[in-house]
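Comments concern the structure below.
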Amino acid sequence: MKIFSSLYQWTLRWAEHQFAPRFLAALTFAESIFFPIPPDVLLAPMVLAKPQKAWYFAGITTLASILGGAVGYWLGYLMFEPWIQPLISNFGYQARFDTAISWFNEWGVWVVFIAGFSPIPYKLFTVSAGFLHMAFLPFFIASAIGRGLRFFLVAGLIKWGGSAMEQKIKQWVDVLGWGIVGALVVGYFALR
C-alpha cells in the first residue's frame, strides 16, 4: 500500500501554502502540551519545499515549542489535580508519568533537555516539571536548548541533504511509515 507516499506528497504540497508557518507553530505549540504528532513531520517537508527558509522554520518551531512547554509546565504546576491527573488516568499514561517522575528524581533538569532533544514525549516532561515544582528558569533554559538543537538539526540535515535526500525519502517513505507503525504497535503491546 502506498498510503505514506500519498500522505508525503500531500504534505509537500501543503508545506508551500502561505499559512503553513502558522500551522507549523500551532502544531508545535499543541505538541508540547498534549498533541501526539511531532512537529518534525511538517518541519521536514517545509524545509524541502523552501530550503532557503530552513532556519526561519526551525526558529518558529523552537519558539512555539518552548512556549507550549511553558504552558504545559504551568498546567502541571497549577492544575495537576483537577485537570491533568484525570487525563493521565483516562488515557492510561499513569505508568509513563511515574517513569517520568522517577527520571526527574534521578537526573533533574537534564531530563528536560533529553526529552526536548530526543523523540521521548516532551509533553509528559513539561507537565511533570510543573507538577514537581521544578524551578521555572532552569526548565525553560533546558527546554530552549534541547528543542532548539533538535529542530535546527532536523532543518539543517534536510537543507543539507536537498534534492538527493528528497529522492531517498520518496523511495523509502512507505517502508519507513509502515516500520514506524509496526514499532508503535509492538511498543504498545510491550508496555501494556
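Overview of values
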read-out: Within the stretch 1-56, tally of residues that are modelled with pLDDT of 80 or more and outside any loop (DSSP other than H, G, I, E, B); value: 28
read-out: The stretch 117-137, residues that are at pLDDT 95 or above and either in contact with a helix residue (DSSP H, G or I) (Cβ under 8 Å, 6 or more places away or on another chain) or closer than 16 Å to ARG96 by Cα (or both); value: PHE136
read-out: Filtered residues of the stretch 105-160 (kept if aromatic (Phe, Trp, Tyr) and open to solvent by 10 Å² or more (accessible area, probe 1.4 Å)); value: TRP107, TRP110, PHE113, PHE117, PHE131, PHE136, PHE140, PHE152, TRP160
read-out: In the stretch 34-48, the residues that are among the aliphatic types (A, V, I, L, M) and either open to solvent by 30 Å² or more (accessible area, probe 1.4 Å) or touching a strand residue (DSSP E or B) at 6+ places or on another chain (Cβ under 9 Å) (or both); value: ILE37, VAL41
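Every residue, every condition in (1) within 18 Å of the chain's Cα centre (by Cα); (2) at pLDDT 85 or above; (3) of a type outside the set (Asp, Glu), yes or no:
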| site | (1), (2), (3) |
| --- | --- |
| LEU78 | no, yes, yes |
| PHE91 | no, no, yes |
| GLY108 | no, yes, yes |
| VAL111 | yes, yes, yes |
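The values are calculated or read from the model by the stated rules, or taken from the named source; none is laboratory data. On a predicted model such as this, the values are computed, not experimentally measured, just so you know. Cβ atoms come from the backbone with ideal geometry, glycine included; neighbour counts cover every protein chain shown. Note: areas computed on protein heavy atoms with side chains; ligands, DNA, RNA excluded. Shrake-Rupley method; radii C 1.70, N 1.55, O 1.52, S 1.80 Å.
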